[in-house]
Amino acid sequence: MDMLLLAIILIVALALIFDFTNGFHDAANAVATVVATRALPAKWAPPFSAFFNFVAYFVVGTAVANTVAKTVKGDVVGLAVIFAALFAAIAWNYITWNVGMPSSSSHAIIGGLVGAGLAAGGIAAIDWGSAGKAAIGIIASPVVALSVAFIAVYLVYLVQRLTKWHDNHPVFKGAQVVSAAALSFGHGANDAQKTMGVIAALLLGAGYTTMDETGKNVIVPQWVALAAYSAIALGTLWGGWKIIQTMGLRITTLYANTGVAANIGACTAIFGATSVGMPISTTHAAASSVVGAGIGSGKGANWKVVGEMVLAWAITIPTSAAMAFGMYYLTRLPTVLAWIAVGGIVIAFAAWAIWAMLHTIHASDVAEEILPEDQLDDGPEPMHPHLKGRGPVE
């Protein structure tokens, strides 16, 4: 086995580690609402979501993967660029997960690619059309998700007026489970493709894959797609309970009816973006929809948490770009110094990440914070959301 092929194998493995972190970092996108309202037991929610993450493999194409793959132009993409981008994205995912902050894995990898690409070839190395799609998604996906969730709350309320169903009626919980399955599918469909795009860019640069006959799309090998969907599903299966805790319990007070509305908002944004090949943040969409449901229901939102979340969103791309930029330059040091500098950072970070995963919270810890069934609104008559007794989250 020659050294180039060995290096490619190692970086593909690193890409799948990023995909794994994407899974557990963004698991909250689909399961936070069903956990918060007890529509599904906490311990069942990640396996449920992971299953639908993987099912997307059999249905969805590669439009998002191609957008990501073309972020850095093919004549600049190389082992060092992809390595630096992946390290930055993985580092950002672990840092934000460790503090329970719902940030974007998608924008972390886009930022990493842009930063490493700039370091390798300057401004001309970036396909700004592809990068621009991600930039549009930063603004569009939260606005769409929040707005749709806000409107959906009122549509759900109209249903309640006609049916007299209470806020945690089994029909709403069933609808939550169905919409969470759709959200999990959308998460897998959009986010697994980011890793597929990174690997495809690497393989294209190394000559292991080609463009299609139109010359516009990278051919993504089937084994790449299968590996990416498997890795994100495994990450979701592991959990990521700190962010589930934040999204399900810290942003607003959710009931089954508002949980359905939140999932509708997120699904609308995610499926719409995937259909046009836009690599949006499923985290931005899901978190914004929870905020929209909280506002629409009259529960308000914990604006301190929302403010911290928005700040994390704003700095994700520049921070991951800066980390990738710096890591790329470390790989350019004289050979011995490069191995010492890069190896030392990677080993130290891996040791901390493993320690953090061993000392994190789990499903049982989050389950203890959820209101017991006898404290949920189970009365026969629904009330107008803005007239309920509980005020906005403090």
Neighbouring Cβ atoms within 10 Å as the yardstick, rank E369, E308, E213 fewest first.
E213, E369, E308
With the dipole of segment 1-127 defined by +1 on each Lys or Arg Cβ and -1 on each Asp or Glu Cβ, the option from F58, A84, G112 whose Cα lies farthest towards the positive pole is F58
Hey, any idea what the orientation-averaged projected area of the convex hull of segment 210-250's Cα atoms comes to, in nm²?
4.5
Among A27, A180, A348, which one shows the highest mean-square fluctuation when the chain is modelled as a Gaussian network with alpha-carbon springs under 10 Å?
A348
Under a point-charge model restricted to the Cβ atoms of Lys and Arg (+1) and Asp and Glu (-1), what is the dipole moment magnitude of segment 115-271 relative to its Cα centre, in debye to the nearest 20?
540
Taking springs between alpha-carbon atoms closer than 10 angstrom, which of V72, V276, V12 fluctuates most in the Gaussian network model of the chain?
V276
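Hey, got the dipole for segment 189-343? About the Cα centre, +1 on K and R Cβ, -1 on D and E Cβ, debye to the nearest 20?
Roughly 400 debye, rounded to the nearest 20.
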Which net charge results for the neighbourhood of L183, defined as the other residues with beta-carbon distances under 14 angstrom from its beta-carbon, given Lys and Arg at +1 and Asp and Glu at -1?
-2
With a ≥ b ≥ c the root eigenvalues of the C-alpha gyration tensor of segment 202-287, is it rounded (a/c under 1.5), prolate (a/b larger than b/c) or oblate?
prolate
Among G277, G344, G205, residue whose mean-square fluctuation peaks in a GNM of the chain (springs only between Cα atoms under 10 Å):
G344
Inter-part distance where segment 53-83 and segment 106-165 are each reduced to a Cα centre, Å
18
I'm spelling it out carefully: the read-out is Rg/Rh (Cα atoms, Kirkwood Rh), the candidates are [x] 1.00; [y] 1.06; [z] 1.03, and one was derived from this structure. Which label?
[x]
Give me the dipole magnitude in Debye, nearest 20, for the chain about the Cα centre, with unit charges on the beta carbon: positive for Lys and Arg, negative for Asp and Glu.
400
Relative intensity, log₁₀ I(q)/I(0), of segment 107-248 from a Debye sum that treats every alpha carbon as a point, q = 0.11, 0.14, 0.20 Å⁻¹:
-0.63, -0.91, -1.40
From the C-alpha gyration tensor of segment 1-149, square roots of 5λ in Å:
30, 19, 15
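Any read-out appearing in this document is the output of simple, stated calculations on the displayed coordinates, not a laboratory observation. Just so we're clear, the structure is a prediction, and the values are computed from it rather than from any experiment. Backbone-built Cβ (ideal geometry, glycine too); neighbour counts: all protein chains shown.
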